[in-house]
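Step one of this worksheet: look at the structure below.
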Amino acid sequence: MKVAALQMVSATSVDANLQAARALLQQAAEQGAELAVLPEYFCLLGARDTDKLAVQERPGQGPIQDFLARAARELGLWIVGGTLPLSTAQPERVTNSCLVWSPAGDCVSRYDKIHLFCFDNGRERYDESRVLEAGHQPACFDLPSRDGHTWRIGLSICYDLRFPELYRAYARDGAQLMLVPSAFTYTTGQAHWELLLRARAVENLAYVLAPAQGGVHESGRHTWGHSLAVSPWGELLAEQAQGPGAVMAELDAAVLQRCRAQLPALGHRVL
């Protein structure tokens, strides 16, 4: 199955971001992708955490969700919509939600970010809990590919990457591909991004696809980028350092099955 990790440098205008996302989705479809995954906050990377409150949508309705459903139908793609802010019972809180659309334009899965990023090195300070309401449930979906194989796919978002128990739960649930739409900071990305992604692939003998924000944004924030795909053996299949682009990779179910047969570590779990 051919897949695309879409890298963006999202701005403070939702309309501009949707236009940029559509161009990348079109590019992925033209290159034969069945699945295209947008990065975290693809629709808005504002100057302040509270900016996302102004563009929040109710589940199942709103211009961002309508855009993704329409793009999936028109392009014949499975689309994972990076993340967008969905309303909660508290007006001052939203979820950071990853939604999945089938080529029919149906929303087939939702995952709310469980682990909320917090970082303070004296120069950069982030605390997502000030605006976000944490999710509680992992989420998988099944994608029947054109080659006849049905891929079991686990959803995660950015900071979740540091919590291997989530990915182990997906492996126990049969996941063969883990998605990690992200907006890693330049500081933490430079130190840990590729290391953590390759570790999640190797320890679960699964493919990992990680689209990211990558560049200098209007707010001055610098995201790490390096959107990539990793094989179940930890090999880097494709990568783009900075700037917008579609990172294309070919996933092979036979390779995955061979890795798991040669090294049956998933069957040797004790805890």
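The values are calculated or read from the model by the stated rules, or taken from the named source; none is laboratory data. A quick note: this is a predicted structure, and the numbers were derived from the prediction, not measured. Cβ atoms come from the backbone with ideal geometry, glycine included; neighbour counts cover every protein chain shown.
Pairs meeting the criteria (first residue in segment 95-121 and over 17 Å from residue 41 (Cβ atoms) and among the hydroxyl-bearing types (Ser, Thr, Tyr), second residue at pLDDT 95 or above and surrounded by fewer than 22 Cβ atoms within 10 Å (Cβ to Cβ), beta carbons under 8 Å, at least 6 apart or on different chains) are 102/108; 109/139; 109/140; 109/141. Of the residues making up segment 26-35, at least one is surrounded by fewer than 24 Cβ atoms within 10 Å (Cβ to Cβ), under 16 Å from the mean Cα position of the chain (by Cα) and of a type in the set (D, E, K, R). At least 1 residues being among the basic types (Lys, Arg), surrounded by 13 or more Cβ atoms within 10 Å (Cβ to Cβ) and touching a strand residue (DSSP E or B) at 6+ places or on another chain (Cβ under 8 Å) is the threshold, and among the strands (runs of 3 or more DSSP E) wholly inside segment 87-167 those reaching it are 107-112, 150-155. Residue check: residue 126 meets all listed conditions (1) of a type in the set (Phe, Trp, Tyr); (2) over 26 Å from residue 67 (Cβ atoms); (3) at pLDDT 95 or above but one, namely (3).
Consider segment 69-86 and keep the residues that are assigned to a helix (DSSP H, G or I) and of a type in the set (A, V, I, L, M). The one that is farthest from the chain's Cα centre (by Cα) is 75.
Checking 162, 125, 146 one by one, the residue that is over 21 Å from residue 63 (Cβ atoms), touching a residue at least 60 places away in the same chain (Cβ under 8 Å) and among the basic types (Lys, Arg) is 146 and no other. For segment 193-229, the candidate set comprises residues that are aliphatic (A, V, I, L, M) and part of a strand (DSSP E or B); within that set, the residue that is surrounded by the fewest Cβ atoms within 10 Å (Cβ to Cβ) is 216. Across segment 47-94, the number of residues qualifying as over 24 Å from residue 116 (Cα atoms) and touching a residue at least 60 places away in the same chain (Cβ under 8 Å) comes to 1.
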